[in-house]
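The values are calculated or read from the model by the stated rules, or taken from the named source; none is laboratory data. Just so it is clear, the model here is predicted, and its values are computed rather than measured. FYI the Cβ positions are ideal-geometry reconstructions off the backbone, even for glycines, and counts take in every protein chain you see.
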Amino acid sequence: MNRPPPRIRLRKPNGVPIARDALSINLYMRHPHREVAPALLRSIDRYRRALGSDVLSDYSFEGCGWDELDDSGWERLRREVLESPGPILELMDTTSGEQRFRLDYFGSYGALIGPPTEGPTTVCAVSFWLPTEYLEEHGPGHVRELALELAAPLPFCSGHAGLAFNTGQDLLYAKPELRKLLFLHPGMDAPRLDTLALHLGAKVRTPSWLTFLGQPVLGELGGASGLRARLHSPDITVQEMESERVVVTCGPEPEAGEDGRMPPAYRELARVLEPWLFHEQYLIDSTLTADELRRWERRLLD
């Protein structure tokens, strides 16, 4: 990599980690969980093969405590994924104490969302997490190929992969020093998967190093050829995938941004996607103003 990601290691006074730099791969599916479940298991298997079968040590189903992911734990997890109408899953590496590897999934809450329409906003949402050390060791080309392999089985309507803050808290509503880093490095995301699973719908979460686009947004852009015609930066490539989907890549490696600035390719993609970008409607914490939220959401536009 030409420029290593910023090193972020924030801890509480007692040593418990608050946030660290990471890379997240996020995909959103406007289909009922039962249609997504078999593909989700294939993506989870690919994640395990890439990282090692033992890297995820524990899991939580519907927030009901933690179970060990031994052989019987994996069998239990598979049954629950296939049989539940809309599960909430957390898989993580607890051995390092930093949750360097994570997988989060929110099903569609059992909603009968059907095929993409302008109606319900619930989606099935999944995040695959990697530490930046993995990115530095294996290189961005390997990570990009892994992201495409994880995405390929899933019937995504949109998605994104890039640098992010790995934190167990809602970063946008957390301590001031975290929000300062958020605005300092606009290429680092803070995905709130629970909110997105309820409200994202057909919108696009954010442009990123890798931006995955499916239907209906890609069709409204005129397909892969129509999207290419709108993008002129030599640092942007549009690669077609099966089932009328594409991945848009901004540059050879993910960028964190410095002093609130990002490379021009990110801003160009953001301007093209602006009519479809997601805007959060609900403020949970009064310490974050609506203006702060909008400024962060438009960090690649303004």
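When Gly110 is tested against (1) small (Gly, Ala, Ser); (2) at pLDDT below 90; (3) under 30 Å from Arg9 (Cβ atoms), just one condition goes unmet, and that condition is (3). In region 195-254, the residue that is surrounded by the fewest Cβ atoms within 10 Å (Cβ to Cβ) out of those that are hydroxyl-bearing (Ser, Thr, Tyr) and in contact with a Pro (Cβ under 9 Å, 6 or more places away or on another chain) is Ser243.
Within the bounds of region 125-147, is there any residue that is at pLDDT below 80, more than 19 Å from Asp93 (Cα to Cα), over 18 Å from the mean Cα position of the chain (by Cα) and surrounded by fewer than 24 Cβ atoms within 10 Å (Cβ to Cβ)?
Restricting attention to region 125-147, the residues satisfying the condition of being at pLDDT below 80 are none.
No: region 125-147 contains no residue that is at pLDDT below 80, more than 19 Å from Asp93 (Cα to Cα), over 18 Å from the mean Cα position of the chain (by Cα) and surrounded by fewer than 24 Cβ atoms within 10 Å (Cβ to Cβ).
Going through (1) of a type in the set (A, V, I, L, M, F, W, C); (2) modelled with pLDDT under 95; (3) closer than 20 Å to Arg49 by Cα one by one, Ile88 falls short only on (3).
Does Phe156 meet the test of being crowded, with 21+ Cβ neighbours inside 10 Å, modelled with pLDDT under 95 and aromatic (Phe, Trp, Tyr)? Taking the combined requirement at face value, the residue does not satisfy it. Screening the candidates Pro38, Pro6, Pro13 for the property of being part of a loop (DSSP other than H, G, I, E, B), out of contact with any His (no Cβ under 7 Å at 6 or more places or on another chain) and not small (Gly, Ala, Ser) yields one hit, Pro13. Only one entry in Leu56, Leu89 is within 30 Å of Gln215 (Cα to Cα) and surrounded by 21 or more Cβ atoms within 10 Å (Cβ to Cβ), namely Leu89.
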